[in-house]
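For reference, the structure is listed below as structure tokens.
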Amino acid sequence: MASDPPPSTGGAGLAGGGSAAAGAAEPADATDPALGPVRPGQPTPGAVGRVGPGAAEGLAELDGLGRRQRHELWMRRALQVAVTGPGPVIGPESSEAGPVADDVPVGAVIYGPDGTELAAGRNERELTGDPTAHAEVLALRRAAERLGRWRLDDCTLVVTLEPCTMCAGAIVLARISTVIFGAWEPKTGAAGSLWDVLRDRRLNHRPEVYGGVLEAENSAVLRAFFR
């Protein structure tokens, strides 16, 4: 499967050779050849007029990074967090310890609307004894603390593994605008694999979702851990 498929906000799918309805505005990413095919069953396409880092960016520009390159750059940072930990974190959510062998190596990073890194987190369930201490939850807490508000509008969350139902729910409640994840998780994934909480039409907020970014690298880290 190619990485970095087109995003979705839960709209009707166009995979399988379909086309947009006559007179409808063309999806923002429909003509981007840098993006791979949509994962089977994944809703598509992206929304027009979206916000957040790189929202208006299509193909790579001569003087900057294209959307796919930016996503991969951010994912490499999340991979670094998964392997080595987020580094010193200031505040009540602080955990200055490096990676712990018993914690599954999943890393998450949140970026602000201008692309600035706001917070990072790595799984700490074994370290802290907290069943909710997933990488995404820790990153959300730290980003909210840094910004002084719970609403993380226009922010992007990058995580090395497809979010579970708990993390997907927290992402929706935090009003994250864009989610980028690496490896798919067929057993517990809630962004298109087992469930699709992030793009459930019944919810009042649906972020854009880009899955499978650097999937091979992310999967390799997880496989090495479980050997």
Using a 1.4 Å probe on the protein heavy atoms, what percent of the accessible area of the stretch 171-227 belongs to carbon and sulfur?
55 percent
Cβ crowding within 10 Å averaged over residues, with 217-225, 205-213 ranked highest first
205-213, 217-225
Heavy-atom accessible area per residue - the stretch 115-163, 1.4 Å, Å²
39 Å²
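The values are calculated or read from the model by the stated rules, or taken from the named source; none is laboratory data. It should be emphasised that the depicted structure is a prediction, and the values quoted were computed from it without experimental measurement. Using ideal geometry, Cβ is built from the backbone for each residue, glycine included, and neighbour counts are taken over all protein chains shown. Surface areas here come from the heavy atoms of the whole protein model, side chains and all, with no ligands, DNA or RNA. Shrake-Rupley method; radii C 1.70, N 1.55, O 1.52, S 1.80 Å.
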